[in-house]
Structures are given as structure tokens and as C-alpha cells.
Amino acid sequence: MCSSDLEPKVKKLLSFIERIAKEAQHPLPDGPSPGDRRKLIVFSSYADTIGSLRDKVVEQINGSSKSSALAAYKDRVPEAIYGSKQGISQKHRASVIAQFAPRTAGEVDALGNPISADKYDILFATDVLAEGVNLQQAGHMVSIDLPWNPMRLVQRHGRIDRIGSDHRKVRIGCFFPAEHLDRKSTRLNS
């Protein structure tokens, strides 16, 4: 799919991802590694939304040139994380999470070193990960939708804004509905 054919939401997310990757290329003398600075969590309340969005983003990453900042993410995006009702076991979900944030969400050896390899940089997830998971190895989070309960946004945010984070600042983003969404739907019903 040509990037000009993409939905505005996908284009905006890809632009954000590309900016993160470009910023991570610049060394920080005493901050997180470039890999940790590339890490992003994308949340949606809906499994269909997060799965489709993940597939479109991965398609663009895989189609990017080697000189593109997006190339840093090739083979670094696991399948989307859903609840067990969508057929993903807790064991598999825990394995993916440990490979996204091995220092903060994975098992460690007796010396405190992570056992899991650091395989992933972008995690697409439903709210199944909005509580009780330490993902502060990531410094970026985006909510694709606005949940009915605003506390859900705070819970999502809390996955990366935690004690023990190496990030001096975390970047939180939200996608908002179209400004005049109510007016458009009213016209369609008239």
C-alpha cells in the first residue's frame, strides 16, 4: 500500500514513529540506550483497531528503504497483544512483553541481568496491558482512541511513567476524534 493511500491516523502514527527513531539516533551521554529511546507502546480499547493498525504500520516499516528512520523497526514489532478471549495465552503474552521490556517486565538472573533478549521496539496492545505491567523501559506511549473512562488513560500512561525509568521525560500522545464529528453524523441521519 502506497503511503499516500493510508488513513490519516496511520500517517500521523507513522510520522510520530519516524520522529522517535530519528531522535534515538542522536547519542545521549548519560541516558537510555538508542533502543530504549525507540520503544513505543500503542494502545486502543478495541482488538480490531489495534490489530489492523499494527498490520498497516508493519507493512510501511517493512516497505521502507534502508536509509529511512523507520528501517530501525524492521523485525522489531511483535503481533498485537490482546486478552485471552482473542486466543492469546497469558504465557505467550508474558513472553512478548518480556522481549519488549526485558529489564522491567522480564525475569532476571541472580545478578539482576535480564534473561529475555530485547527483541521488540513497538508494542501494539489493548487495555489488557493498561494495568499491572512494568514497561518503563519504553519512553513513548500513544492512545489511538479515547476510552469511555478517562482513568484508563492514566492507567495506560502509568505503564511507562514509573519509578525506575531511565527516561528523564516520557512522551504521551492521544488521537482525538474529528472536531465536528457529531455534526457530520447528525447530517447523515437527517
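Brief remarks follow.
- Eligible aspartates and glutamates near K11 by straight Cα distance, threshold 19 Å, same-chain separation 8 or greater: E23, D48, D55, E59, D121, D145, E179
- For the chain, adding -39500 (n - 2.57) for each run of n ≥ 4 DSSP H residues and dividing by the number of residues yields -10500 deg cm²/dmol at 222 nm.
- Restricting the calculation to Cα atoms, every distinct pair contributes to the Kirkwood radius of segment 24-69, found to be 12.9 Å.
- Taking a ≥ b ≥ c as the square roots of the eigenvalues of the Cα gyration tensor, segment 22-100 is oblate, since a/c reaches 1.5 or more and a/b is not larger than b/c.
- Virtual spin-label span in nm between E107 and W148, 7 Å along Cα→Cβ: 3.9 nm
- Pairs spanning more than 25 Å between alpha-carbon atoms, out of K56/K119; K22/K85; K22/K91; K22/K119; K22/K56: K22/K85; K22/K91.
- Cβ charges +1 (Lys, Arg) and -1 (Asp, Glu), total dipole of segment 1-97, debye: 120 debye
- Prolate/oblate/rounded call for segment 1-55, Cα gyration tensor, a/c under 1.5 rounded: oblate
- Segment 107-181-segment 29-74 distance, computed between alpha-carbon centres (Å): 14 Å
- For segment 35-162, the square roots of the Cα gyration tensor eigenvalues, ordered a ≥ b ≥ c, give a/c below 1.5, which places it in the rounded category.
Bear in mind these aren't lab numbers, they're just calculated from the coordinates by the rules spelled out. This structure is a prediction, so every number in the text was calculated from the model and none was measured. Using ideal geometry, Cβ is built from the backbone for each residue, glycine included, and neighbour counts are taken over all protein chains shown.
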